[in-house]
Amino acid sequence: MKTIDKSQEKNGIPLRPGLEGVPVTHSSICDIDGVKGKLQYRGYPISELASNSSFLETTYLLIWGELPTSKELREFEEEVQQHRRVSFRVRDMLKCFPASGHPMDALQSSAAALGLFYSRRGIDDPKYIYDAAVRLIAKIPTMVAAFQLIRKGQDPIQPRDDLPYSSNFLYMLTEREPDPLAAKVFDRCLILHAEHSLNASTFSARVTASTLTDPYSVVASAVGTLAGPLHGGANEDVIAMLEEIGTPSKAGQYLDEAIKQKRKIMGFGHREYRVKDPRASILQDFGEKLFARFGKDEMYEVAKELEKEAIDRLGPKGIYPNVDFYSGLIYRKLGIPRDLFTPVFAISRVAGWLAHWREQLGANRIFRPSQIYTGMKTRTWKPLDQRKSKKED
Ligand code: ACO
């Protein structure tokens, strides 16, 4: 007879740390085939969107399920453009944050603070959902750029109405109107990062959404989750790792030592993919276009060599470059500081979070998983003078 290991299941349901492979919702937003290396948003292959679409068009597709007509797109772009400015109170709040603080913390706080300025009620009204989505898509880049200038001791610059979404962000960040190729590549990067099914931050967004709270709290909790080095924060660590390796000839040795010491190679591996992340391949192509125009990033050859050397060592385990591997090199070439890589990821991923927020509201059931309790059995409270410190044992 099969013996039941009570530490590994509850009520017949096996323990799944990290919920690996456990379906927890239906979703029609994003489909991943991790074996074939395919990714689709609402049925459209990511390569087609990255070649032909714009970030705002893709955002519309993700949230509302269909590519917009030209009228719908124009209206959406106009609405986003009109809501780019943030209240002087939000800017003042950003000025109170320590300049040494991480921009992801500034973003998380300011995203949550938007809930103080706009109504938190109305999530069952499609107009409320549209307006909140527009506001978040419009204001997050402004808040990221504002914190960047503020921490350098400067005043934030206002969005420019004559510039499209991505150009305007780069302008607010670098104080220069970007080269059209740079703006185009950046916009395509946003498309590639916009959605990826139930990754940790999106799951976080859905859990928060399932309590029927407001969209600002949904996005703030997702931003906090994205910040971690195993998720969005990895793109910062990739650059640090490449700089530590220093030259292509040291890539193999670095890999051997890291694998021996059981250290993770940043920008490699993915819970979903057993092959190279399709987004990493597309990003690499964009990176090469950018490098051809503006000069190669000094770490690009190290990255390529690391990828080559990793094939034999990590490939058999299905570990290949993920989306974070090449994105940092591109962002660096675009003049984006390293600790803004993850906030830039958030600028893009907010599209996916909002799509999941809307979908969650459409068929909501509050998330409340179970656990296998491993703590003490019932104990009796003792007064202070009868307790013995465990540290003395
Ligand atoms: N380098 C070396 N070995 C790795 C790596 C890596 N990057 N990723 C996984 N492995 C190995 C593990 O050591 C483990 O080996 P073992 O079975 O011999 O113990 C095995 O592969 C499984 O690893 P897990 O960490 O259990 O895989 P999981 O699916 O939980 O992790 C994750 C996925 C978190 C992305 C992991 O690959 C990782 O930490 N990568 C580095 C960080 C990174 O790049 N994160 C960005 C992910 S993309 C994104 O979030 C946008």
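Charge dipole of the chain (Cα centre as origin; +1 on each Lys and Arg Cβ, -1 on each Asp and Glu Cβ, all else neutral): 1600 debye, rounded to the nearest 20.
For the pair Asp33 and Phe291 in one chain, pulling the backbone fully straight at 0.36 nm per residue adds 89.9 nm over the alpha carbon distance. Ranking of Cys30, Cys189, Cys96 by solvent-accessible surface, largest first: Cys96, Cys30, Cys189 (1.4 Å probe, protein heavy atoms only, all chains present). Nonpolar atom fraction for the range 234-333, defined as the carbon and sulfur part of the 1.4 Å probe accessible area, stands at 48 percent. Rolled with a 1.4 Å probe across the full set of protein chains, the surface gives Lys388 an accessible area near 150 Å². Ranking Ala292, Ser53, Phe147 by how far each Cα lies toward the positive end of the dipole of the chain (charges on Cβ) leaves Phe147 at the top.
Taking all protein chains into account, the per residue accessible area for the range 234-333 stands at 47 Å² (1.4 Å probe). With the simple model of a label 7 Å out from the Cα in the direction of the Cβ, Tyr44 to Glu72 spans 1.0 nm. Label-to-label distance, Lys304 versus Lys152, with points set 7 angstrom from Cα along the beta-carbon direction: 3.1 nm.
Quick check on the range 163-244: take the gyration tensor over C-alpha atoms, sort the square-rooted eigenvalues as a ≥ b ≥ c, and tell me if it's rounded (a/c under 1.5), prolate or oblate.
In terms of gyration-tensor shape, oblate.
Calculated FRET efficiency, Ser7 to Leu361, Cβ-Cβ distance, R0 = 51 Å: about 0.90 to the nearest 0.05. Would any residue of the range 233-275 have its amide N under 19 Å from a label point 7 Å out along Cα→Cβ of Arg16? List them or say none. So the set is 270-274. Loop-located trypsin sites (Lys or Arg not before Pro) in the range 36-136 (DSSP state other than H, G, I, E, B) with a sparse environment of at most 12 neighbouring Cβ atoms within 10 Å: Lys36, Arg121. In the context of the full protein assembly, His102 retains an accessible surface of approximately 60 Å², using a probe radius of 1.4 Å and ignoring ligands and nucleic acids.
Ranking Val275, Leu329, Ile259 by how far each Cα lies toward the positive end of the dipole of the range 234-333 (charges on Cβ) leaves Val275 at the top.
Under the 0.36 nm per residue contour assumption, what length would be gained going from the current alpha-carbon distance of Asp312 and Lys391 to full extension?
Values: separation 79, 0.36 × 79 = 28.44 nm, distance 4.77 nm.
Extending this stretch completely gives an extra 23.7 nm.
Restricting the trypsin sites (Lys or Arg not before Pro) of the range 347-377 to loop positions (DSSP other than H, G, I, E, B) with no more than 12 neighbouring Cβ atoms within 10 Å leaves Arg365, Lys377.
The values are calculated or read from the model by the stated rules, or taken from the named source; none is laboratory data. Because the structure is predicted, anything quoted here is derived from the model rather than measured. Neighbour counts run over all protein chains shown; Cβ positions are idealised from the backbone, glycine included. Heads up: the accessible areas ignore ligands, DNA and RNA and are worked out on the full protein's heavy atoms, side chains in. Shrake-Rupley method; radii C 1.70, N 1.55, O 1.52, S 1.80 Å.
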